[in-house]
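Take a look at the structure below.
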């Protein structure tokens, strides 16, 4: 054996030994933050979701803030199957936007997914006339009565936290947050918004998608896929690209202005009205309105209805069921005082009302309902 051959074999052996000892270290690139507003009757569902979050993909930094009802409030990081306690608190107020802001500032990364977990009641409660059963992220402040909610987050409060420092994904693991008004108000707060136009069961998202996700886009697809597998076609969940919402707004304005000019009534069309706790609400499904207009006898509305439907489909990146549009808008029932009682809340959505002619169309109906 020549000297050069011996050196080559020795070097090869050393490289083989070194490569065998290499330890691969993964550094999380994306924060997955969950704001557990569980100081209410949903406290019992937290543990199941935490178990589902175990063994997250190594590119995710999973940190949760839990506002319990009976137990001590806590901040935890989930690494493999360990729950590492970061901080403990006597009391987190999950309805306080400043506490949400502090949580985000401490644990966010360049890519951040923020999940707001709790009850949801779309944008009810936006005006100063706040009551106990509106908004999202209800906090009973430890009151023995689970349903005595002392605080909650409004859409304007969430916007105040995120608008100047947006996240990559804002997800609502909460009922009936998939309204066009909410998407429009929060369009500058996240690249993607995840929400359902329907009620979400108490068990919420199936967070085991965290184990198999490989990127933000893949995570969003898996989030929807796992939700659909768990609950079936009777429930819905959608991912919205906020950069594609403007065509929906533009078409909605064309429809509103056309109907105002022609003195047409929205009540002439059969649309899907959203139920909450088995009762009809003031919200209707926007895709069903688009289809109703497409089937009308007015050629102008037919064209606009098709345009609206296509713009909704374009903005919906992922969704279950795939053939559902899953988007609500405010349309109070004629001569229903309860529906119209939320008018001030609706008008408090300033970005939507400033940019939309929908409120003007409703104003004409509001006068007719008196």
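Going by what's in this entry, would residue 65 be described as free of Cβ contacts under 8 Å to residues at least 40 places away in the same chain and either within 16 Å of residue 174 (Cβ to Cβ) or under 20 Å from the mean Cα position of the chain (by Cα) (or both)? When the stated conditions are applied, residue 65 passes them.
Matching residues to (1) at pLDDT 95 or above; (2) farther than 28 Å from residue 262 by Cβ; (3) out of contact with any strand residue (DSSP E or B) (no Cβ under 6 Å at 6 or more places or on another chain):
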site: 323; (1), (2), (3): yes, yes, yes
site: 328; (1), (2), (3): yes, no, no
site: 331; (1), (2), (3): yes, no, no
site: 345; (1), (2), (3): no, yes, yes
site: 357; (1), (2), (3): yes, no, yes
site: 360; (1), (2), (3): yes, no, yes
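Here 302, 275, 313 are screened, and the one residue that is surrounded by fewer than 20 Cβ atoms within 10 Å (Cβ to Cβ), in the same structural domain as residue 349 (by TED's automatic domain parsing) and part of a strand (DSSP E or B) is 275. Here residue 339 passes the criteria (1) closer than 19 Å to residue 199 by Cα; (2) modelled with pLDDT of 95 or more except the one numbered (2). Inclusion of residue 229 among residues that are farther than 22 Å from residue 166 by Cα, touching a helix residue (DSSP H, G or I) at 6+ places or on another chain (Cβ under 7 Å) and in a helix (DSSP H, G or I) is not warranted. Among the numbered conditions (1) closer than 17 Å to residue 184 by Cα; (2) touching a strand residue (DSSP E or B) at 6+ places or on another chain (Cβ under 8 Å), the only one that residue 220 does not meet is (1).
On the stretch given as the range 155-211, residues that are crowded, with 23+ Cβ neighbours inside 10 Å and at positive phi total 1. Test residue 281 against the criterion of being surrounded by fewer than 19 Cβ atoms within 10 Å (Cβ to Cβ) and out of contact with any helix residue (DSSP H, G or I) (no Cβ under 6 Å at 6 or more places or on another chain), and give yes or no. No; evaluated as a whole, the condition is false for this residue.
Any residue at all in the range 79-98 that's surrounded by 14 or more Cβ atoms within 10 Å (Cβ to Cβ) and either assigned to a helix (DSSP H, G or I) or on the phi > 0 side of the Ramachandran plot (or both)? Yes, some residue in the range 79-98 is surrounded by 14 or more Cβ atoms within 10 Å (Cβ to Cβ) and either assigned to a helix (DSSP H, G or I) or on the phi > 0 side of the Ramachandran plot (or both). Residues in the range 232-259 that are surrounded by fewer than 19 Cβ atoms within 10 Å (Cβ to Cβ) and assigned to a loop (DSSP other than H, G, I, E, B): 235 alone. Note down all Cβ pairs under 9 Å where the first residue falls in the range 355-370 and is outside any helix (DSSP H, G or I), the second is modelled with pLDDT under 95, and they're at least six residues apart or on different chains. Pairs found: 370/335.
The values are calculated or read from the model by the stated rules, or taken from the named source; none is laboratory data. None of the values given here were measured: they were computed from a predicted structure. Using ideal geometry, Cβ is built from the backbone for each residue, glycine included, and neighbour counts are taken over all protein chains shown.
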